[in-house]
1. Could you identify the single residue in Ser124, Ser153, Ser144 that is closer than 23 Å to Gly39 by Cα, surrounded by fewer than 21 Cβ atoms within 10 Å (Cβ to Cβ) and of a type in the set (Gly, Ala, Ser)?
2. Failed condition for Asp84, given (1) surrounded by fewer than 17 Cβ atoms within 10 Å (Cβ to Cβ); (2) in contact with a strand residue (DSSP E or B) (Cβ under 7 Å, 6 or more places away or on another chain); (3) more than 21 Å from Leu166 (Cβ to Cβ); (4) in contact (Cβ under 8 Å) with a residue 60 or more places away in the chain, with all others met?
3. Examine region 104-115 for a residue that is outside any loop (DSSP other than H, G, I, E, B) and either touching a helix residue (DSSP H, G or I) at 6+ places or on another chain (Cβ under 6 Å) or farther than 30 Å from Pro11 by Cα (or both), and state whether such a residue exists.
4. Among the residues of region 82-103, are any in contact with a helix residue (DSSP H, G or I) (Cβ under 7 Å, 6 or more places away or on another chain), modelled with pLDDT under 95 and either over 26 Å from Ile135 (Cβ atoms) or part of a loop (DSSP other than H, G, I, E, B) (or both)?
5. For region 1-45, how many residues are under 16 Å from the mean Cα position of the chain (by Cα), of a type in the set (D, E, K, R) and open to solvent by 50 Å² or more (accessible area, probe 1.4 Å)?
6. Of the conditions (1) within 28 Å of Gln16 (Cβ to Cβ); (2) touching a residue at least 12 places away in the same chain (Cβ under 8 Å), Tyr89 clears all except one; give me its number.
7. Residue check, Thr142 against (1) of a type in the set (Val, Ile, Thr); (2) farther than 22 Å from Asp78 by Cβ; (3) touching a residue at least 24 places away in the same chain (Cβ under 8 Å), all met but one. Which one?
8. Filter region 46-66 down to the residues that are within 14 Å of the chain's Cα centre (by Cα) and open to solvent by 10 Å² or more (accessible area, probe 1.4 Å) and list them by number.
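The values are calculated or read from the model by the stated rules, or taken from the named source; none is laboratory data. Keep in mind that what you see is a predicted model, and the values were worked out from it rather than measured. Note: ideal-geometry Cβ built from the backbone for every residue, glycine included; neighbour counts use all protein chains shown. Accessible surface areas use protein heavy atoms only, side chains included; no ligands, DNA or RNA. Shrake-Rupley method; radii C 1.70, N 1.55, O 1.52, S 1.80 Å.
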Amino acid sequence: MSDFIVRKAEPADETQINSIFCAARAFMHSLGNPQWQDGHPDGEFVRSSTQRGELFVVASGGDIAAVFSAVRSDKFYDAADIWDCKGSYVAVHTVAVSNKFRGKGCARFILNYAENEARSSGASSLRLDTHELNIPMRSLLTSSGFVCRGDISVRGQPRIAFEKPL
């Protein structure tokens, strides 16, 4: 879809964002993926990430189609000695697409948007992580030019790290 736009999340979006995360959590559970089953991302994450300007929504018409966060530094990533690109990076986290927009290219749109923003800001790479059982995300990352860099721990949970040189 070409009518996707990205904007920073606003406090008025928080209820809808929490609903999208809840539906994404249920979708992952239905696929046997334990990612996010600990309740993260929760309402406090949404509130604080919105306040810091790190949470974004993808809007289409009057709907929020998806949500993601983007940061210029991540303590878990900084602690991992697995990355190929040594310069600055942008980390994309908490990608979730609403049920209404699943399968319509929204997640790929997010990756393309994040890549363009990271490149224009001078970052040398784009980084993401996911659970090994998150097959849809792993497939999307691989088909989008990301390279698997290895295993990391995020909030005490194992993840597979991916990087795309820019």
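1. Numbers: Ser124 fails: closer than 23 Å to Gly39 by Cα; Ser144 fails: closer than 23 Å to Gly39 by Cα.
Of the residues listed, the single one that is closer than 23 Å to Gly39 by Cα, surrounded by fewer than 21 Cβ atoms within 10 Å (Cβ to Cβ) and of a type in the set (Gly, Ala, Ser) is Ser153.
2. (3)
3. Filtering region 104-115 down to residues outside any loop (DSSP other than H, G, I, E, B) leaves 106-115.
After this cut, where a residue has to be either touching a helix residue (DSSP H, G or I) at 6+ places or on another chain (Cβ under 6 Å) or farther than 30 Å from Pro11 by Cα (or both) as well, the list is 107.
Yes, the conditions are met somewhere in region 104-115.
4. Pass one, region 82-103, residues in contact with a helix residue (DSSP H, G or I) (Cβ under 7 Å, 6 or more places away or on another chain): 90-92, 95-99.
From what is left, the residues that are modelled with pLDDT under 95 are none.
No.
5. Final tally of qualifying residues: 3.
6. Going through the list (1) within 28 Å of Gln16 (Cβ to Cβ); (2) touching a residue at least 12 places away in the same chain (Cβ under 8 Å), Tyr89 breaks only (1).
7. (3)
8. First, the residues of region 46-66 that are within 14 Å of the chain's Cα centre (by Cα): 46, 49, 54-58, 65-66.
Across region 46-66, the qualifying residues are Glu54, Phe56.
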